[in-house]
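Some notes on the structure that comes next.
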Amino acid sequence: NVGYEYLYRSDIAKLLPSGISPEDSARLSASYIESWAYSKLIMLKAEESLSEKDKDISGDIEAFRQNLLTFRYEKYYIEHRIDTLVTQEKLREVYEANKSDYTFPYSIVRGRVIRISKKSPYYDGIKERYCATSPQDVEDLVALCNSTAEKYADFSQSWTPSSSLAKELGTDLREVESLLARSRAFEYDSGDGHFLVFIQDRTAPGQPSPLEYNAEKIREIIISYRKQELLSSLRNELLDEGRGNGKLKLYTEDE
């Protein structure tokens, strides 16, 4: 106990995960007891040491209450009014107006990476097809890779930073950028194996990355802007309403 407050074994038992070992149970119990004791002891020390003025927290509690209620009502107001639908046209509009914001010091790519040993009896067949672009040829390649390759990584449907490609190849970003600058299709050997790489599309470092790559970020910006507009609208509504119903009264120095 600390002062007149008690911590019972049953209180601790409620907090312990079921099925843990006796050692873990003892360790967690000791940690909780120490935290509980500290919280009670520091309250006693504060009561003993602080002045009555410092211990008067009524103003802080009211300020916290006001801030919390303000936050909750603003959240309620926004949730009941915000339009979360962002059209492709709107995304395109924002993207075109801010293209320079969507450049990166690395490539953004779409393509595929196949890891397969040169000793594999299927190596030549996959190498002949790894640059496939027609739907049927791609389907045949995927089927062949799924049954014979060590790994088939397909990112042809979504733009990916070159750092992801570097990770797949087990190398660094500088090496990958050098490879990408030379060719769209290449073989690469690393400690992780032998790779066949085909880059379907690429945005070079310093060039505006595709809209699709930035769409979610742009959507968040648009939604955030709409929230700010709603909060501004709420502010004006309340001020106008307060003036209209007499709840808000402004006095001049002469009054």
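When you filter the chymotrypsin sites (Phe, Trp or Tyr not before Pro) in region 183-255 for DSSP loop state and at most 11 other Cβ atoms inside 10 Å of their Cβ, you are left with 251. A straight Cα-to-Cα reach below 22 Å connects residue 90 with the lysines 99, 217, 227, residues fewer than 8 places away in its own chain not being considered. Between the Cα long axis of helix 135-148 and the first principal axis of the chain there is an angle of about 80°, rounded to the nearest 10.
Highest GNM mean-square fluctuation among 153, 185, 46, for the chain modelled with Cα contacts below 10 Å: 46.
Cα-based values for the chain, radius of gyration first and Dmax second, are 31.4, 97 Å.
Against the chain, whose longest principal axis comes from its Cα atoms, helix 58-79 is set at around 40 degrees. Computed packing ranks the peptides 163-173, 29-39 as 163-173, 29-39, most packed first, by mean other Cβ atoms within 10 Å.
For residue 119, the aspartates and glutamates whose Cα falls under 19 Å of its own Cα, not counting residues fewer than eight places away in the same chain, are 128, 150, 187, 189, 192.
Rounded to the nearest 20 debye, what is the charge dipole size of the chain about its Cα centre when +1 sits on each Lys and Arg Cβ and -1 on each Asp and Glu Cβ?
Details: 35 positive and 44 negative charges, 126 e Å.
Roughly 600 debye for the chain.
Summing Lys and Arg as +1 and Asp and Glu as -1 over all other residues whose Cβ lies under 13 Å from the Cβ of residue 68 gives a net charge of 0. Compared with the dominant Cα axis of the chain, that is its longest principal axis, helix 211-245 is turned about 20°. When only the Cβ of Lys, Arg, Asp and Glu is charged (+1, +1, -1, -1), the dipole of region 109-217 relative to its Cα centre reaches about 160 debye. The lysines whose alpha-carbon is closer than 29 Å to the alpha-carbon of residue 14, local same-chain residues fewer than 8 away aside, are 40, 45.
Length gain on complete extension for the stretch residue 201 to residue 84, per 0.36 nm per residue less the alpha carbon to alpha carbon distance? Please report the intermediate quantities before stating the final value.
Details: separation 117, 0.36 × 117 = 42.12 nm, distance 3.10 nm.
Extending this stretch completely gives an extra 39.0 nm.
Modelled spin labels at residue 133 and residue 18, positioned 7 Å past Cα toward Cβ, are 6.0 nm from each other. For residue 65, the accessible area of its heavy atoms, probed at 1.4 Å with every protein chain present, is near 130 square angstrom.
Could you calculate the FRET efficiency of residue 146 with residue 183 from 1/(1 + (r/R0)^6), where r is the beta carbon distance between them and R0 is 30 Å, rounded to 0.05? Before the final figure, lay out the partial values.
On the way: r = 26 Å, r/R0 = 0.85.
In this case the efficiency is close to 0.75.
Mean residue ellipticity at 222 nm from the helices of the chain, using -39,500 (n - 2.57) per DSSP H segment of n ≥ 4 over the full residue count, to the nearest 500 deg cm²/dmol?
-18000 deg cm²/dmol
Counting Lys and Arg as +1 and Asp and Glu as -1 over every other residue whose Cβ lies under 15 Å from the Cβ of residue 41, the net charge comes to -2.
Give me the one-decimal nm value for the distance between modelled label points at residue 119 and residue 63, 7 Å along each residue's Cα-to-Cβ direction. In this crude label model, residue 119 to residue 63 measures out at 7.2 nm. Judged by the mean number of other Cβ atoms found within 10 Å, the most tightly packed of the peptides 123-132, 237-246 leads the ranking 123-132, 237-246.
Modelled label positions at residue 247 and residue 93, each set 7 Å beyond Cα in the direction of Cβ, lie 3.4 nm from each other.
The values are calculated or read from the model by the stated rules, or taken from the named source; none is laboratory data. These numbers come from a predicted model, not from an experiment. Glycine gets a Cβ as well: all are built from the backbone with ideal geometry, and neighbour counts include every protein chain shown. Only protein heavy atoms, including side chains, enter the accessible area calculation; ligands, DNA and RNA are left aside. Shrake-Rupley method; radii C 1.70, N 1.55, O 1.52, S 1.80 Å.
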